[in-house]
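Step one of this worksheet: look at the structure below.
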Amino acid sequence: MIAARILMSILVLGFCSLVEAADKTAASIDQPTTVATQPHQVDTQPAGEITQRGDPTHLDVQLDLAGPLEVRQIDKQQPSGIDWATVFSSLLAAGVGAGGALLVGWWSQRGIRDSLAQNANAAELKELQAKLDSFYGPYRQLSEVNKLLADEFKSRQPDKAFRTLTLLLKEEWQKLITKPDRAIVSEIVANDIALNKLIMEHSGLVDSKLVPYLARAGAHFRLMELAYKGMLEDVPERFQRYVYPRQLDEALNLEIDRLTNRCEQLRRHSAQQAGAMASLEIPDSLRLPDWPSTLP
C-alpha cells in the first residue's frame, strides 16, 4: 500500500512536469521580435514623423539622430513546436521515480515476507526443541542406561536368550541370582517405571508412526513392575510377547535425527521459508512383529 502511494505521487509529479513544459512552449510562440537595421534609403519625411504604410502589421518610426536610423517593430510569429528536451527529461524523472517506488515496494514486501518466515521458523523451532528436551532426549538417555544395566545382568546368565521379564515371573527369582544382580534388577525396574511415566505424560509429542512401538514398550515396563512385585503367575509362554521391543531404540534414533536436522535447518535459514519437514520413514527391518491374536 505504501509503495503504491509513492508510485502514484511520482506519476503525478511527472504529469505536472509535462504540463509545465507544454505551457512554457506555448508561451514562447507569440513573443515579439525587434529588429534594428540601417535603412537602405533615407525618407524625405520630416524628423519625428510616424508613417503608417499599407501593411497594417508594420509600423515605421523615423527619428532624426546623428544619422538616419530606422527602427522597425515587426510582429513576427515564430513557428510553433514542442520542447522535446523538457519532455524527455520529465519522462525520465517520472520513470526514475516510478522505478524507485517499485524498488522500495519490492524491498518492503521482501522484508514483510522475511519477518513472517522468521516468526514461523521460530515457533516451529520452539516446538521441536520442546519435543527433544521433554521426551526424546530424556527417554533415550534413560533407555541407554537401562540397556547397559540389562547387558551387565544378562552377561552373567548361562542362557544367552535370557530375558529379564521371564526371570521375574518365577516366585523364587530372588534366590536364583546373587545379591549384586538383585540390586541391578531393582534399578532396571525403577528405570522402567520412569520410562513408562515419560510415555504416558508426553505421548502427544511423538510421531504417530512411533505410537505402536511405545505402546508395546509401555506394556513391557508395566509388566516388569508387576512381575517384580510378584503379582503375576509363572507362565512364561503367556507373557513372552511382552518383552521389550528392541526395534524401538533404532526407530527413536531416526526420529531424533530427523528433528535435530530440522532444528539445524531452521537456525541456519531463520529468515527463509523452510517448507514442510520430511516425514519419518521407518525401514522394514525395524517393523514390529505382528501381535499374536491368541495365546499360545
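Longer than 30 Å from Cα to Cα, which of LYS170/LYS197; LYS131/LYS179; LYS126/LYS209; LYS147/LYS229 are they? Say none if no pair is. Long pairs (Cα-Cα over 30 Å): LYS131/LYS179. Can you pull a Stokes-Einstein diffusion coefficient for the stretch 126-286 at 10 °C (1.306 mPa s), Rh from Kirkwood over Cα pairs, as a whole number of µm²/s? Approximately 91 µm²/s, per Stokes-Einstein. The amide H of GLN272, built 1.01 Å from its N in the peptide plane, has no neighbour under 5 Å, considering only residues 5 or more places off or on other chains.
This ranking places HIS202, HIS220, HIS269 by how few other beta-carbon atoms lie within 10 Å of each, fewest first, which gives HIS269, HIS202, HIS220. Charged neighbours of ARG287, selected by a Cβ distance under 13 Å, balance to -1 (K, R count +1; D, E count -1). Charge tally around LEU226: other residues with Cβ under 12 Å, Lys/Arg +1 each, Asp/Glu -1 each, net -1.
Every number in this text was worked out from the coordinates using simple rules, so none of it is lab data. Quick caveat: nothing in here was measured; it's all calculated off a predicted structure. Cβ: placed from backbone, ideal geometry, glycine included. Neighbour counts: every protein chain shown.
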